[in-house]
Amino acid sequence: MLADLSLQPLWITLQVALYTTLILMVIGTPLALWLARIKGKKKAVFEALIALPLVLPPTVLGFYLLLILSPDGALGQVWQAFGFAPLTFSMTGLVIGSVIYSLPFAVQPLMSGFELLGKRPLEAASALGAKPIDRFFSIILPLTRRHYLVAFTLAFAHTMGEFGVILMIGGNIPGATQVASIAIYSHVEAMEYTQAHVLSAILLVMSFVVLSIVYGLNRKLSR
Amino acid sequence: MSLAGNLSLIKDSFCLQTGDFILPATGVSAIFGLSGSGKTTFLRALAGFENEATGQLNFGEQVWLNKKKSTPIYKRQLGYVFQEASLFQHLDVKQNLEYGLKRAKGNQQITLNQVIDWLGVEKLLNRDVANLSGGEKQRVAIGRALLSQPNILMMDEPLASLDVFAKRQIMPYLEKLTKELAIPILYITHSAEEVERLADTVVFMADGKITAIEPLGEALNKKNTPLYQHQEPKAVLSAVIKYHHVEDALFELSVGNAQLFIAEQAKKIGETIRLVIPANQVSLVKEQPEASSMLNYLAVTIEEIDDFNKYSKLIRLRIENATLPLLAQITNRSVQQLQLQPQQRWVAAIKTVSIL
């Protein structure tokens, strides 16, 4: 029975989670910096917009993403006009979907980190001759490293456990878009409980190990 | 180089409207005013921290702000010391000091060793900033600002967040610094004592406006100076230490052409110090008595007689060749009996002299 077990879904899951998290760190940083700086109604609206994936059913999010990413959709058309393969039912599509799905998990910790930091250290640094990029790497990043750790972990873990959105836009193509959570679902549907057990156990252990490392790091950084 | 311009800023319900100003190119300019008068907003606008500030600002030949552009702060080469030290928590003391040094442009005028010497931070260098006392933090913050090789130093009440003991401990460092530095220093304070000890010029602020920019002598001695509201009037004089009478444990000072004695201090002969003489500690006598236990009798000329309160007048006295006047609080009764008039020569008998 175990002969049917493929570990490919685990590998795809890790890839999607890693790419998604890295992209989120890069685009989440300026977004969170901007959100931490604005005030009033504008802030409320944009905070709500970014928090939407927290409350929307993944199928709703997935449905809209499918419309946008499909070859007839707004983004899909542009994408294909540049000569790329279709976004839906592809790894790239999965990563785009996951970035939006996990956005609040990356942006919210970063934003609270930047708000906590305040503008004073940055004012001090600029008076001492540091330019904006220099200020980011010499002041912001080291002083909010714990928030980056939290943002990285939450985004990564949340993407690993993603199901609904991926099912909507990536389907269930083994070896291409079949991630672990969907593979487990398929095995259960097919009454292949052993395979489901093995994959589930691996995910469980992996998640536990990742979180243990993160909490360990967090303790080290806080010293 | 002097800092000159005209700045406006509306922030929440507060309105800064400086009017045209020229801040001196040398020495310490104290920005003095009650809390809420706009001192900090003014200094922050000068530094460029307030993005909404409009108007114009020039530092010597450099344009810092006009209608078209605002020079980024990191290009202005200014040193800024905040009320709270605002050290970088992830760096130790030495790394904090070197942060600005590494990014400094142009010739290095101020070295790490000088700063260590001026501010007495040698023993702190490898310490974590979290473990410093308030006064130590502020000294490191001042050193950090100086090492960025600024062309102007701005300090926003650097002593305000410190307790009395830390203030006393840090003051001598500040005094030393203001004597050593060639660059202009802007110093916010609401303490008249800090003005007396450090300032060369006083910038008075009230309700978001600059009401006057005056040399210290004028600022201290004008009638109803905001420096001494709700305080007893007093004179601040500048004196040079002439002799050390070791057997008496006294210093002999010269103020203009006059001599004064004070208890010996941890100072050197030739040093200039500032004296405070409260107006109610000064009386006038026609001639120096032959036998008297008082040490300090100074020949003076009456310059002006002003009403002070119901029973007394405030008399401005001039010591020959002294830059700053002496003040005496004399009862109306005595003024009448002695028929005191401007231009008369008298001898001022001084009971209490304290040094700043």
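The values are calculated or read from the model by the stated rules, or taken from the named source; none is laboratory data. On a predicted model such as this, the values are computed, not experimentally measured, just so you know. FYI the Cβ positions are ideal-geometry reconstructions off the backbone, even for glycines, and counts take in every protein chain you see. Areas reflect the complete protein model, heavy atoms only, side chains present, ligands, DNA and RNA absent. Shrake-Rupley method; radii C 1.70, N 1.55, O 1.52, S 1.80 Å.
Can you pull out every residue in region B:99-111 that is more than 9 Å from chain A (Cβ to nearest Cβ) and surrounded by 21 or more Cβ atoms within 10 Å (Cβ to Cβ)? The one that is more than 9 Å from chain A (Cβ to nearest Cβ) and surrounded by 21 or more Cβ atoms within 10 Å (Cβ to Cβ): B:I110. Pairs linking a residue in region A:52-77 that is touching a residue at least 12 places away in the same chain (Cβ under 8 Å) to a residue that is of a type in the set (D, E, K, R) and outside any helix (DSSP H, G or I), with Cβ atoms under 8 Å and 6 or more positions apart or on different chains, are A:P58/A:E162. Scanning region B:112-155 for residues that are polar (S, T, N, Q), away from chain A (no Cβ under 14 Å) and in a helix (DSSP H, G or I) yields B:N113, B:Q114. Within region B:9-26, take every residue that is out of contact with any Cys (no Cβ under 8 Å at 6 or more places or on another chain) and buried (at least 16 other Cβ atoms within 10 Å of the Cβ) and give me the one that is farthest from B:M205 (Cα to Cα). Among residues in region B:9-26 that are out of contact with any Cys (no Cβ under 8 Å at 6 or more places or on another chain) and buried (at least 16 other Cβ atoms within 10 Å of the Cβ), the one farthest from B:M205 (Cα to Cα) is B:P24.
Inside region A:77-135, residues that are more than 14 Å from every other protein chain (Cβ to nearest Cβ), under 21 Å from A:S222 (Cα atoms) and not hydrophobic (A, V, I, L, M, F, W, C) make up a count of 4. Is there a residue in region A:114-129 that is touching a helix residue (DSSP H, G or I) at 6+ places or on another chain (Cβ under 9 Å), surrounded by 21 or more Cβ atoms within 10 Å (Cβ to Cβ) and either in contact (Cβ under 8 Å) with a residue 24 or more places away in the chain or within 23 Å of A:V60 (Cβ to Cβ) (or both)? Yes, that holds for at least one residue. B:N96 passes every criterion in (1) under 23 Å from the mean Cα position of the chain (by Cα); (2) within 10 Å of chain A (Cβ to nearest Cβ) apart from (1).
When region B:1-54 is filtered for residues that are of a type in the set (D, E) and more than 21 Å from B:S70 (Cα to Cα), only B:D12 remains.
Of all residues in region B:191-212, those satisfying the criterion of being more than 18 Å from B:L153 (Cα to Cα) and either among the acidic types (D, E) or touching a Phe, Trp or Tyr at 6+ places or on another chain (Cβ under 9 Å) (or both) are B:S191, B:A192, B:E193, B:E196, B:F204, B:M205, B:D207, B:G208, B:I210, B:T211, B:A212. Of all residues in region B:314-343, those being of a type outside the set (G, A, S) and open to solvent by less than 50 Å² (accessible area, probe 1.4 Å) number 13. Could you run through region A:195-217 and say how many residues are in contact with a helix residue (DSSP H, G or I) (Cβ under 7 Å, 6 or more places away or on another chain) and among the aromatic types (F, W, Y)? Number satisfying all stated conditions: 0. Checking the stated criteria, A:P30 turns out not to satisfy the condition of being over 21 Å from A:F163 (Cα atoms), not in a helix (DSSP H, G or I) and not hydroxyl-bearing (S, T, Y). Among the candidates B:Q288, B:Q259, B:Q265, the residue that is surrounded by fewer than 19 Cβ atoms within 10 Å (Cβ to Cβ) and without any contact (Cβ under 8 Å) to a residue 40 or more places away in the chain is uniquely B:Q259. On inspection, B:T41 qualifies as closer than 20 Å to B:C15 by Cα and either of a type outside the set (D, E, K, R) or crowded, with 22+ Cβ neighbours inside 10 Å (or both). Looking across A:L31, A:L5, A:L14, one residue alone is open to solvent by less than 90 Å² (accessible area, probe 1.4 Å) and modelled with pLDDT of 95 or more. It is A:L31. Of the residues in region A:50-68, at least one is within 30 Å of B:E50 (Cα to Cα) and at pLDDT below 95. Only one entry in A:T59, A:T20 is within 16 Å of A:F156 (Cα to Cα), of a type outside the set (D, E) and assigned to a helix (DSSP H, G or I), namely A:T20.
Every listed requirement among (1) open to solvent by 10 Å² or more (accessible area, probe 1.4 Å); (2) closer than 30 Å to A:Q178 by Cα; (3) in contact with a Pro (Cβ under 8 Å, 6 or more places away or on another chain) is met by A:A151 save one, (1).
When A:A85 is tested against (1) open to solvent by 60 Å² or more (accessible area, probe 1.4 Å); (2) of a type in the set (A, V, I, L, M, F, W, C); (3) part of a loop (DSSP other than H, G, I, E, B); (4) in contact with a Leu (Cβ under 9 Å, 6 or more places away or on another chain), only condition (4) is not met.
Table: residues versus (1) open to solvent by 30 Å² or more (accessible area, probe 1.4 Å); (2) within 24 Å of B:L119 (Cβ to Cβ).
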site	(1), (2)
B:Y187	no, yes
B:G217	no, no
B:T225	no, no
B:Y228	no, no
B:S238	yes, no
B:V246	yes, no
B:V255	no, no
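In region A:39-48, the condition of being open to solvent by 70 Å² or more (accessible area, probe 1.4 Å) and not in a helix (DSSP H, G or I) is met by at least one residue. The number of residues in region B:92-111 being of a type outside the set (K, R) and assigned to a helix (DSSP H, G or I) comes to 8. With respect to being open to solvent by less than 20 Å² (accessible area, probe 1.4 Å) and in a loop (DSSP other than H, G, I, E, B), A:L94 falls outside the description. Residues of region A:172-192 that are free of Cβ contacts under 8 Å to residues at least 24 places away in the same chain and loosely packed, with under 12 Cβ neighbours inside 10 Å: A:E189, A:A190, A:M191.
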